[in-house]
Amino acid sequence: MARFRLELGPIPLHHQVYLDLTAALDAGDWRPGDRLPTERDLAERYGCSLITIRRALSEMVRDGRLERTRGRGTFVLAPRLDIDFSGAQSFTEEMQTRGHDPQTRLIAARPEAAGQAVAKALGLDPGSPTLYVERLRLADGEPLLLEQVHLPAERFPGLLASDLESDSLYEVLTARYGVHVSRAREALEPVLLRAREARLLGRRRGTPALLIEGIASTADGTPIEFGRTYVRGDRTRYYVERVVIRPRWTRSPDEDRQEEDLDETISQPARR
């Protein structure tokens, strides 16, 4: 006997199942990590076909609410964290604002010779000394980001002795070296995680992720950091807020009429 009545009408049956299951997740009926009932059990619950159930579950997988694993079942995922890509807050501040417990784990901190890409980004000669810092950023104990950055060694002597797990890197640069990061140019691209990055982020090799690559500079344009950040695509979602203004929207009605009159004059045939 079905425990939820699907209704024939403008809303497809699979979407009704999707809406009810989504509401159940929001209400906490199943928590992150829980396994959902089997497709057959769900079909009995809703009194519908297995095809209807599979279409509903596929929608929820695309939404990032569920994960389906062959041979194991369908599991509930934690909701994605929305992060303001254009915001000025640090990772720690962003997570605290959203009520999460941010943590940083130092993976590596060592001197390195600059390769071609790093040297070009920092305006150095290839082989110049740099400082390499790799940190894993977590929220509520779950890895979200893997940061890999290079800085010019000559500008920041002794930096690697700092507490880079507890302290903000940019705050250390300001307090100890008087260097203020004021701008950053970053590019985003989808990637498949390699074995090492996947292991650190707690994912399988080949899992899709987002790579953010960028150069941070001072106010006068001097580059001081070249970074790559691998972001878990299943747990985070970046958003950007834009102000959309077109030149025509800011002009007065008189200016619009003048342009219309000019267009009419230009469109008239020339007279000899």
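The values are calculated or read from the model by the stated rules, or taken from the named source; none is laboratory data. All values reported here derive from a predicted model rather than from experimental measurement. Note: ideal-geometry Cβ built from the backbone for every residue, glycine included; neighbour counts use all protein chains shown. Keep in mind that these areas ignore ligands, DNA and RNA; they rest on the heavy atoms of the full protein, side chains included. Shrake-Rupley method; radii C 1.70, N 1.55, O 1.52, S 1.80 Å.
If only one of T97, T69, T38 is closer than 25 Å to G233 by Cβ, at pLDDT 80 or above and open to solvent by 70 Å² or more (accessible area, probe 1.4 Å), which one is it?
T97
Considering only region 80-127, how many residues are within 23 Å of G141 (Cα to Cα), of a type outside the set (G, A, S) and touching a residue at least 24 places away in the same chain (Cβ under 8 Å)?
The total comes to 17.
If you go through region 23-31 one residue at a time, do you hit one that is outside any loop (DSSP other than H, G, I, E, B), open to solvent by 50 Å² or more (accessible area, probe 1.4 Å) and either at pLDDT below 95 or within 30 Å of A153 (Cα to Cα) (or both)?
yes
Would you point out the residue of region 53-66, among those that are open to solvent by less than 40 Å² (accessible area, probe 1.4 Å) and in contact (Cβ under 8 Å) with a residue 40 or more places away in the chain, that is nearest to R203 (Cα to Cα)?
Applying the filter and picking the extreme gives G64.
Out of everything in region 183-225 that is closer than 17 Å to R237 by Cβ and among the acidic types (D, E), what residue ends up being farthest from the chain's Cα centre (by Cα)?
Per the criteria, the residue is E186.
Which of the residues that make up region 131-169 are in a strand (DSSP E or B) and more than 23 Å from T236 (Cβ to Cβ)?
Within region 131-169, L131, Y132, H150, L151, P152 qualify.
Note down all Cβ pairs under 6 Å where the first residue falls in region 128-147 and is over 16 Å from G227 (Cβ atoms) and in contact (Cβ under 8 Å) with a residue 40 or more places away in the chain, the second is open to solvent by less than 20 Å² (accessible area, probe 1.4 Å) and not in a strand (DSSP E or B), and they're at least six residues apart or on different chains.
A139/M95; P143/L201
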